[in-house]
Amino acid sequence: MSTALYRRYRPESFADVIGQEHVTEPLMAALSKNRVNHAYLFSGPRGCGKTTSARILARCLNCAEGPTPVPCGKCDSCVELARNGSGSLDVIEIDAASHGGVDDARDLRERATFAPVRDRYKIFIIDEAHMVTSAGFNALLKIVEEPPEHIKFIFATTEPDKVIGTIRSRTHHYPFRLVPRNRCWRTWTGSVRRKTFRWRPESCPW
Ligand SMILES: Nc1ncnc2c1ncn2[C@@H]1O[C@H](COP(=O)(O)OP(=O)(O)OP(=O)(O)O)[C@@H](O)[C@H]1O
Ligand SMILES: [Mg+2]
Ligand SMILES: [Zn+2]
């Protein structure tokens, strides 16, 4: 039950991400000016929206009408990257907790040399990035330092200090915050009224 709710109510656009305006507003501005960095680091406590925001950013970047702060929701990429979509070949999510070794990093590096299959960018979301080994990070260094035009990287982690400095300095770092209690409460009551759910209890500081 909780898994179904969790999947079902994951926000699909930046407007639905609560309490992280210091991240979502500059990202939306960068998207509308088409001035998006090639690598981002999303850090912050558990359950505050890092992975969700990485997926939204990927959807904004690869929308056929994009890059746009508000994905159209209708193109192939938007449909594939929607909550219940199939996923897109051009958005590659890597869980570094299980794939953070040097061989995985080399594999990623090789995949990054190929052009996107269909969409604008090949986007690598490296989740739990603190679990990438130092050999793994070193294997990624060159491509993160000098990525081909068609590549974007989004690292997400609870422990940004464990991302080696040489990689971290190449990223635009956005620290996410705990969602303020009153925002949680408003969302929660609104969600109950609409029979939706939006957040994980551990993202509230109470
Ligand atoms: N700021 C937020 N606004 C709206 N919903 C949120 C927010 N943060 C988390 N959620 C909800 O909580 C769930 C977990 O969020 P998400 O997986 O993005 O967290 P995370 O920061 O990546 O956590 P972790 O460090 O555990 O990986 C998602 O389903 C999302 O719907
Ligand atoms: Mg996450
Ligand atoms: Zn679209």
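The values are calculated or read from the model by the stated rules, or taken from the named source; none is laboratory data. Fair warning: this is a prediction, and the values are worked out from it, not measured in the lab. Virtual Cβ from ideal backbone geometry, glycine too; neighbours counted across all protein chains shown.
Quick notes on this one:
- Matching entry among ALA58, ALA54, ALA15 (being more than 12 Å from ligand 3 (Cβ to nearest atom), within 20 Å of HIS150 (Cα to Cα) and hydrophobic (A, V, I, L, M, F, W, C)): ALA54
- Of all the residues in the stretch 126-148, those that are assigned to a helix (DSSP H, G or I) and within 16 Å of ligand 2 (Cβ to nearest atom) number 3.
- Residue among PRO116, PRO69 that alone is part of a loop (DSSP other than H, G, I, E, B), at pLDDT 95 or above and either under 17 Å from the mean Cα position of the chain (by Cα) or of a type in the set (Val, Ile, Thr) (or both): PRO69
- A Cβ distance below 6 Å, combined with a sequence gap of six or more or placement on separate chains, defines the contacts here; from the stretch 142-164, residues that are in contact (Cβ under 8 Å) with a residue 24 or more places away in the chain reach residues that are away from ligand 1 (no atom under 12 Å from the Cβ) and basic (Lys, Arg) in the pairs ILE143/ARG109; VAL144/ARG170; GLU145/ARG170; HIS150/LYS122; ILE151/LYS122.
- For the stretch 65-88, filtering for residues that are touching a Ser or Thr at 6+ places or on another chain (Cβ under 6 Å) and either farther than 14 Å from MET28 by Cβ or without any contact (Cβ under 8 Å) to a residue 40 or more places away in the chain (or both) leaves 4.
Yes/no per residue for (1) small (Gly, Ala, Ser); (2) near ligand 1 (Cβ under 9 Å from one of its atoms); (3) outside any strand (DSSP E or B); (4) modelled with pLDDT of 95 or more:
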| residue | (1), (2), (3), (4) |
| --- | --- |
| ALA4 | yes, no, yes, no |
| GLU25 | no, no, yes, yes |
| THR51 | no, yes, yes, yes |
| ALA64 | yes, no, yes, yes |
